[in-house]
Amino acid sequence: MMTGNAFFEIAQILGLAALLGVLGQKLRQPLIIMFLVTGILAGPACFGIIESYEEIELLAHIGIALLLFIVGLKLDLNLVRTTGPVALATGLGQIVFTSVAGFGIAMAFGFDFISSAYVAVALTFSSTIIIVKLLSDKKEVDSLHGQIAIGFLIVQDIAAIVALVALTTFDLQSAQEGSLLVASLLIAAKGIGFLGAIGLLMRFVLPHLLKRLAYSQEMLILFAITWAVFLGAFGELLGFSKEVGAFLAGISLASSEYRDSIGSRLTSLRDFLLLFFFIDLGARLDWASVGIHLNASMVFSVFVLIGNPIIVLVIMGFMGYRARTGFMAGLTVAQISEFSLIVAALGMSLGHISKETMGLITLVGVVTIFFSTYMILYSHKLYRLMASPLKIFERKKPYREDAAGIDQDLSSVDVILVGLGNYGSGLAEQLLGRRKIVVGVDFDPGVLEKWRSRNVSVWYGDIDDPDLLEQLPLKKAQWVVSTVRTRELNLAFLKELHANGFKGKIAFTATSEEEAKGYEKAGAHVVFRPFKDAAEQAADSLTQAMDMLPENIDWPIAFREIRISSGSVFAGRAVKNIPIRSETYVTILAVSRAGRIHYEPGPDFKIYPGDRLVIMGPPGELKKAESLLNRLQDQQPHENLERFAIAEVLIAEGSEMVGRNLAELRFRQKYGVTVVGIRRNDEKIGAPGPKDKLQSGDHLVLIGTSSKIESITQSGSL
């Protein structure tokens, strides 16, 4: 083997990680677990591949900085107002509970006072890095429980920094009175100065700098990485941690219009570098030093895995949150963090604890990280199994989440829309524009706040929540529409709807044709295909624009191709009745309809929904013209709207219809409805043909508009 060659060493580690990653995928195991196993196998306890600990640790620290930077980048500061109190209460409550109980357990196992104190402190902190990684993978960072969890993890990180400051200024043999107070005041002053400097940069420097850098995507991303690592390093230099510095770096760019672009480009790099964090964590487990306290480590692990989630459940339940939210947030504290290992290592270097105690804390860390990873990844299934007993942690009225609830005075609901992301929000906009009554459901508090400010009834909920349907006005709703793009969740949701006796129509959103067929087979009435539909519209637009849009000309005018929406007030009107020229100085050059292009449409040419228009005019007026052409009709709810209805009508004895077939009767032309079936005694004739003769006592199954059906059924028979 090429001893001392760090590059070759990392190549071996990556190869081992890739092999175990593939094995993990085959066995459906979380990659985090496989990376921990990689570290254990590559460490001194097994193959002994790892020798360049410093290089691996450096890569791990950069990955940690990028992870916390991206979290800060996506942080909505408006949520601090709503989640701040519960995050503070839960974070401090969990710290107090875990440290006191952990100290008592350690003393019961015979540890001395100082060792018990270190074990208690180590058990207190949960891993921000692992939790954020798992929540990101599950796309739950923006959920209510995700935001609360990140909030109290930040509280824990601040407490960890205070603990580190206390340890570095405390000496058992010679503790000078007042040194801890002085150090605490100093760190507070540094923190205020640090925040103040970042605030000034956010206000006066960063917006202008980012605007200049945005001309080059490469420079923008390079600056983002530099900013994250630099503030991480500066934060550590001030006596905080690199995690806090990187997190603040992300917050400083969170209000920038470039944050989504930066975040999406850094995700892959973050995931690659975090691989080394988990490998480093597994490699540092010293198996020789854990045997003496093996029983104690198992007890401590069970305590962290069960006790920490329970205290979070209790606090959040008391504060008015639902048991499900408390359970999901509580699972995120069911492990100890890298801070715990740092505190323990510092205690061992100061001579406060033994190598065996350090090994115990490390083993508890690996065990709790291992099991809590599964608990978090399968949190929804766990809650389904434990939903009933967990209700004891919930108030009779969980007012914190009821405050985001539905207007129960609604007499009827057109659509319950589950999922208010980009596609769901667009669908909601279109439905509201058509004066439909919409109830929205989402688990992102920021999204709910936006819609609530527009007086739209919304509900905090997750499609996977078994209690969700109990809260929704299903009996008043005509449609339930899911824009969630997870097949398993949608099919389970469909079963729950049927189990709850929902009688309305159901629509799902499919990402593929195979998925769409699965939904239709399961009983969905409508399946949206956003990618296929968008691609078709884009192809139509591009194809027609190739023929209709003229070449660029050196003149202060511009061209735009637009599509007339179905709800446009000008749909069905002639060009002469559309005030586009008088109001915007814009001209309609051509209209594309059903593959045919109509150039220079005359004043009597009518515009219909779906038409594509090429308009020409001053650049600043084109957007105004598009808004004018697609102005929605100001109609009342359900105005001029007739629904289809189905009814059975008896052919009475002596009716003129007896002995004649549907063709002779010209049934559809005469009555304006369609015969879809005949019930004759115990026989059911589906889709009767024009030559089927009617008999006395037949029941005709008719379908047509409600007014036509009503006019036929008033007499009771034909």
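The values are calculated or read from the model by the stated rules, or taken from the named source; none is laboratory data. As the structure is a prediction and not an experimental result, all values here were calculated from the model. Positions of Cβ are backbone-derived with ideal geometry, glycine not excepted, and every protein chain shown enters the neighbour counts.
Once region 211-221 is narrowed to residues that are touching a residue at least 12 places away in the same chain (Cβ under 8 Å) and assigned to a helix (DSSP H, G or I), the residue that is surrounded by the fewest Cβ atoms within 10 Å (Cβ to Cβ) is GLN217. Residue pairs whose Cβ atoms lie under 6 Å apart, separated by 6 or more positions or on different chains, with the first residue in region 109-123 and more than 10 Å from GLY347 (Cα to Cα) and in the same structural domain as GLY359 (by TED's automatic domain parsing) and the second polar (S, T, N, Q) and outside any loop (DSSP other than H, G, I, E, B), are ALA120/SER99; ALA122/SER340; LEU123/THR98. Being within 27 Å of VAL132 (Cα to Cα), in contact with a Ser or Thr (Cβ under 7 Å, 6 or more places away or on another chain) and buried (at least 17 other Cβ atoms within 10 Å of the Cβ): is that true of GLY235 here? Yes.
Please indicate, with yes or no, whether at least one residue in region 85-102 is modelled with pLDDT under 85, over 23 Å from the mean Cα position of the chain (by Cα), more than 30 Å from SER297 (Cβ to Cβ) and in the same structural domain as ILE262 (by TED's automatic domain parsing). Taking every residue of region 85-102 in turn, at least one turns out to be modelled with pLDDT under 85, over 23 Å from the mean Cα position of the chain (by Cα), more than 30 Å from SER297 (Cβ to Cβ) and in the same structural domain as ILE262 (by TED's automatic domain parsing).
Looking only at region 360-377, decide whether some residue is farther than 28 Å from ALA120 by Cβ and in a helix (DSSP H, G or I). Looking for residues that are farther than 28 Å from ALA120 by Cβ and in a helix (DSSP H, G or I), one finds at least one in region 360-377, hence yes.
For region 317-359, enumerate the residues that are part of a helix (DSSP H, G or I) and hydroxyl-bearing (Ser, Thr, Tyr).
THR325, THR332, SER340, SER349, THR357
Would you check if GLY15 is surrounded by fewer than 17 Cβ atoms within 10 Å (Cβ to Cβ), at pLDDT 85 or above, part of a helix (DSSP H, G or I) and not assigned by TED's automatic domain parsing to the domain that holds SER136? In short, yes.
Quick check: anything in region 189-203 touching a residue at least 12 places away in the same chain (Cβ under 8 Å) and charged (D, E, K, R)?
Scanning region 189-203, I find at least one residue that is touching a residue at least 12 places away in the same chain (Cβ under 8 Å) and charged (D, E, K, R), so the answer is yes.
For every residue, the table says whether it meets (1) surrounded by 13 or more Cβ atoms within 10 Å (Cβ to Cβ); (2) in a loop (DSSP other than H, G, I, E, B); (3) out of contact with any strand residue (DSSP E or B) (no Cβ under 9 Å at 6 or more places or on another chain); (4) not aliphatic (A, V, I, L, M).
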| residue | (1), (2), (3), (4) |
| --- | --- |
| GLN25 | no, no, yes, yes |
| LEU36 | yes, no, yes, no |
| ILE50 | yes, yes, yes, no |
| LEU59 | yes, no, yes, no |
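Within region 296-307, residues that are over 16 Å from THR373 (Cα atoms) have Cβ atoms under 6 Å from residues that are in a helix (DSSP H, G or I) in these pairs: SER297/LEU360; SER297/LEU363; SER297/VAL364; PHE300/VAL364, counting only partners at least 6 apart in sequence or on another chain.
This table checks each residue for (1) surrounded by 14 or more Cβ atoms within 10 Å (Cβ to Cβ); (2) among the aromatic types (Phe, Trp, Tyr); (3) at pLDDT below 85; (4) under 30 Å from TYR671 (Cα atoms).
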site: SER582; (1), (2), (3), (4): no, no, yes, no
site: LYS623; (1), (2), (3), (4): no, no, yes, no
site: ASN640; (1), (2), (3), (4): no, no, yes, yes
site: ILE651; (1), (2), (3), (4): yes, no, no, yes
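One line per residue, one yes/no per condition, for (1) of a type in the set (Lys, Arg); (2) buried (at least 19 other Cβ atoms within 10 Å of the Cβ); (3) under 19 Å from the mean Cα position of the chain (by Cα):
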position	(1), (2), (3)
TYR423	no, no, yes
VAL439	no, yes, yes
ASP442	no, yes, yes
ARG452	yes, no, yes
